[in-house]
């Protein structure tokens, strides 16, 4: 009997994973799978890089604690086509089958493998087209004499660095000079590096 892991995710706290789990338990029973664990991310958007239950499931997959993963749909487990392929590839490398109930895809079968290969090919084509569009846009911008890249910050860098080193918080410095906290960190870091170079 194959050991199965169920993964379910809902985007908001008021949604319930039980709806997905009910169907997945039923599918597991129909296939004769033994459910070893249910992994649930509650109130977690698919766009979030860190999903605790998914991370835990992938860690358990690497340890070989189950041989098949069941999900309600592709969009429950992955935030993008690329992310989906990365997850499926990692599961496949660990000899773990991937089954999606809504799309009726089973990566252990030839049709499922063909479908996933097609998705990979489409994703690769999409990435190539995006790269080509970016390159074409950069060429056009260069011909038209437009600036490429980030515009330089129009701030008094010395005063900003003094304020930050005097103990002013990132938020307060950013508000004072009307730039982001990340920009404050970058300006201060660049100033320190410049001092090190000059002192060497």
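The values are calculated or read from the model by the stated rules, or taken from the named source; none is laboratory data. Everything numeric in this text was worked out from a predicted model, so none of it was measured. No Cβ is skipped: glycine too gets one built from the backbone with ideal geometry, and neighbour counts run over all protein chains shown.
Summed over the range 47-81, residues that are over 13 Å from residue 7 (Cα atoms) and touching a strand residue (DSSP E or B) at 6+ places or on another chain (Cβ under 9 Å) total 3.
Being in a helix (DSSP H, G or I), without any contact (Cβ under 8 Å) to a residue 40 or more places away in the chain and within 22 Å of the chain's Cα centre (by Cα) is a description that applies to residue 55. Restricting attention to the range 105-122 and to residues that are in a loop (DSSP other than H, G, I, E, B) and within 13 Å of residue 69 (Cα to Cα), the residue that is modelled with the lowest pLDDT turns out to be 108. Test residue 87 against the criterion of being outside the structural domain of residue 23 (by TED's automatic domain parsing) and either more than 12 Å from residue 5 (Cα to Cα) or assigned to a helix (DSSP H, G or I) (or both), and give yes or no. No. Within the set 129, 125, the sole residue that is closer than 30 Å to residue 7 by Cβ, modelled with pLDDT under 85 and not in a loop (DSSP other than H, G, I, E, B) turns out to be 125. Checked against the criterion of being modelled with pLDDT under 85, touching a helix residue (DSSP H, G or I) at 6+ places or on another chain (Cβ under 9 Å), part of a loop (DSSP other than H, G, I, E, B) and exposed (fewer than 14 other Cβ atoms within 10 Å of the Cβ), the range 177-193 has no qualifying residue. Of the listed requirements (1) under 30 Å from residue 135 (Cα atoms); (2) within 30 Å of the chain's Cα centre (by Cα), residue 188 misses just one: (1).
Before we move on, is residue 37 more than 17 Å from the chain's Cα centre (by Cα), surrounded by fewer than 18 Cβ atoms within 10 Å (Cβ to Cβ) and farther than 25 Å from residue 16 by Cα? Against the criterion (more than 17 Å from the chain's Cα centre (by Cα), surrounded by fewer than 18 Cβ atoms within 10 Å (Cβ to Cβ) and farther than 25 Å from residue 16 by Cα), residue 37 does not qualify.
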